[in-house]
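**Student:** Just passing along the structure, written as structure tokens.
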Amino acid sequence: MIRKLLIANRGEIACRVIRGAREMGVRTVAVYSEADKDAMHVRLADEAVAIGPSEASLSYLSIDKILGAARSTGADAIHPGYGFLSERAEFAEACAAAAVIFVGPPASAMRKLGSKIEAKQLAVSAGVPVTPGFFEPGATSADLKRAAEGIGYPVMLKASAGGGGRGMRVVREAEYFDEEFRIASDEALKSFGDGAMMVEKLVDRPRHIEVQVLADSHGTVASLFERECSLQRRHQKIVEEAPSALLTTWAKSPMSADGTPAVPPSLWDRMRDASRSLISAAGYVGAGTVEFITDFEGRDFYFMEVNARLQVEHPVTEMVTSLDLVQWQLRIASGEALQIDQEILAGSRSAIKGHAIEARIVAEDPARDFLPSVGKIVAWAEPKAPGVRVDTGYGPGSEVSRYYDSLIAKVIAHAETRGQAIDKLRSALLDFHVLGVSTNIAYLLDILDSDGFRAGAIDTGFLGRDFGVWAPSSDLPEELAAIISAASSGAVSSEGPAVMQGAWGIADGFRNAHA
């Protein structure tokens, strides 16, 4: 069993892993850059090691510094979290060479799945449906253009490496292909150091459905149901839920006006079996996510990629399965066999416990074209209610740095039905107050209140269409709102943050949702 775990990450995921390990009696080691010397994950861990300057390339992305910290503290395992080194095969290999357990899949599986081109080829060989396209290593612009003509426009150009929407361009007519290829390939090269591209048929109004998997080293693979991740802004997920409304909505659905079932009964069975087949073919061990797209009605589905790590949205799966994915990562990395409820292991939908939905709270200003917001959080009040969970690495006095991702918290709500879960999340967001940086909470509230989202009639273009132009409903200036809130609550003084008082403890109608 793992005795001491180093977390090669920061922020909310580092705190999440530390708490999961602590419940198992595993000691933890945090690493931190100069910008994070006072961060929450540093305070939570049993030990902490400085690893360099604020720039991630000189700290969190340095394999040598991470392994040096493991050696100096006697850590026998490393959890990579997500982002940074989490999907680097060379990091997994370096851990193995240093006789340190890497809490993640083997490097061989990472390499098979890390390239979108190679992953799709493996999917084809495993009998997993893929979007019609051309994904050959070394394909030139001319090769892909000929393929696009054969597939038929519109098509999607995609970078082979990386993700997050970078290196992706829609091409609707042949005359625009060359220019869009140049833009996408240049962006991929700058973002991932690899300009290799592939081309696929563009699925109209696609839904993004992903399947959480757990695979042990004894050959058992569990598909832990699906998550709906279609609410995206510029290819970045904002709200995720489990299970998907698409797979749980049948007759009288807004997607089936003629009264026929919206989803073929076998859709989940096919997704479950495809996920297991691909994971087994890759020799995958640990937690991972197989991502698919479906057409709007859910008649067909196609493989996109595998995220060879824990996902940001993993809490919604935990809520509907009662499984702790971080702890199972540690158990699997220690060699344990996967022993979970047989109904869940079989992928029986009767084992799903209610509905869970997660909203990502980010430090940005939606009213100003989503500009990043950095600085010190001078006051912070989290929602606290049954069925509500907050994962964060921030609090009063924390610094939101320009060096890292803008995600500051995740709020997850769980209830018996989807409608109840949405209402509970909405109530929780109304009780979430941040002073010192701008957040997207008001934007999220408007999304949750929208008719399309409530009906489950969403796709990856939903936010672009319905929320392409957005403004907060409150006219209260940000600076004035901050002064009123701080003065009324006593949350700040000339000497800095003071002790928080209840959720602001005032009744003047002001809610710091976007200031």
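**Student:** Find the residue count for the range 49-73, including only residues that are open to solvent by 50 Å² or more (accessible area, probe 1.4 Å) and either touching a residue at least 40 places away in the same chain (Cβ under 8 Å) or polar (S, T, N, Q) (or both).
**Tutor:** 3
**Student:** Something else now. Looking only at the range 84-112, how many residues end up being of a type in the set (Ser, Thr, Tyr) and either buried (at least 19 other Cβ atoms within 10 Å of the Cβ) or more than 19 Å from residue 332 (Cβ to Cβ) (or both)?
**Tutor:** Summing the residues that are of a type in the set (Ser, Thr, Tyr) and either buried (at least 19 other Cβ atoms within 10 Å of the Cβ) or more than 19 Å from residue 332 (Cβ to Cβ) (or both) in the range 84-112 gives 1.
**Student:** Could you run through the range 1-23 and say how many residues are open to solvent by less than 50 Å² (accessible area, probe 1.4 Å) and in a loop (DSSP other than H, G, I, E, B)?
**Tutor:** 4
**Student:** Scan 179, 173, 200 and give me the residue that is more than 24 Å from residue 232 (Cβ to Cβ) and touching a Pro at 6+ places or on another chain (Cβ under 9 Å).
**Tutor:** 173
**Student:** Take the conditions within 20 Å of the chain's Cα centre (by Cα) and more than 22 Å from residue 232 (Cα to Cα) and apply them to residue 378. Does it pass?
**Tutor:** no
**Student:** Counting residues that are within 21 Å of residue 244 (Cβ to Cβ), which strands (runs of 3 or more DSSP E) fully inside the range 330-402 reach at least 1?
**Tutor:** Of the strands (runs of 3 or more DSSP E) lying wholly inside the range 330-402, those with at least 1 residues that are within 21 Å of residue 244 (Cβ to Cβ) span 355-362, 388-392.
**Student:** Residue 30: outside any loop (DSSP other than H, G, I, E, B), surrounded by 22 or more Cβ atoms within 10 Å (Cβ to Cβ) and under 26 Å from the mean Cα position of the chain (by Cα), yes or no?
**Tutor:** It is true that residue 30 is outside any loop (DSSP other than H, G, I, E, B), surrounded by 22 or more Cβ atoms within 10 Å (Cβ to Cβ) and under 26 Å from the mean Cα position of the chain (by Cα).
**Student:** Let me ask another. Take the range 421-464 and flag every residue that is assigned to a helix (DSSP H, G or I) and more than 19 Å from residue 410 (Cβ to Cβ).
**Tutor:** 449, 451, 452, 454, 455, 462, 464, listed by residue number.
**Student:** If I ask for residues that are in a loop (DSSP other than H, G, I, E, B) and under 15 Å from residue 28 (Cβ atoms), which ones from the range 52-77 would you list?
**Tutor:** 74, 75, 76
**Student:** If you don't mind, there's one more thing I want to ask. Got a sec? Which of 354, 395, 375, 347 is in contact with a helix residue (DSSP H, G or I) (Cβ under 7 Å, 6 or more places away or on another chain) and within 18 Å of residue 438 (Cα to Cα)?
**Tutor:** 395
**Student:** I've got another one for you. Quick one: which of 334, 348 is more than 27 Å from residue 21 (Cα to Cα) and open to solvent by 30 Å² or more (accessible area, probe 1.4 Å)?
**Tutor:** Matching residue, one of 334, 348: 348.
**Student:** For the range 141-155, how many residues are of a type in the set (Ser, Thr, Tyr) and either under 18 Å from residue 203 (Cβ atoms) or in contact (Cβ under 8 Å) with a residue 60 or more places away in the chain (or both)?
**Tutor:** 1
**Student:** What do you reckon, is residue 468 farther than 24 Å from residue 355 by Cα and assigned to a helix (DSSP H, G or I)?
**Tutor:** no
**Student:** Please find, among 342, 327, the residue that is of a type outside the set (Asp, Glu), under 30 Å from residue 107 (Cα atoms), without any contact (Cβ under 8 Å) to a residue 40 or more places away in the chain and open to solvent by 10 Å² or more (accessible area, probe 1.4 Å).
**Tutor:** Within the list 342, 327, the selection yields 342.
The values are calculated or read from the model by the stated rules, or taken from the named source; none is laboratory data. Only a predicted model underlies this, so the values are computations on that prediction, with no experimental measurement involved. Please note: Cβ atoms are built from the backbone with ideal geometry, for glycine as well, and neighbour counts cover all protein chains shown. Areas reflect the complete protein model, heavy atoms only, side chains present, ligands, DNA and RNA absent. Shrake-Rupley method; radii C 1.70, N 1.55, O 1.52, S 1.80 Å.
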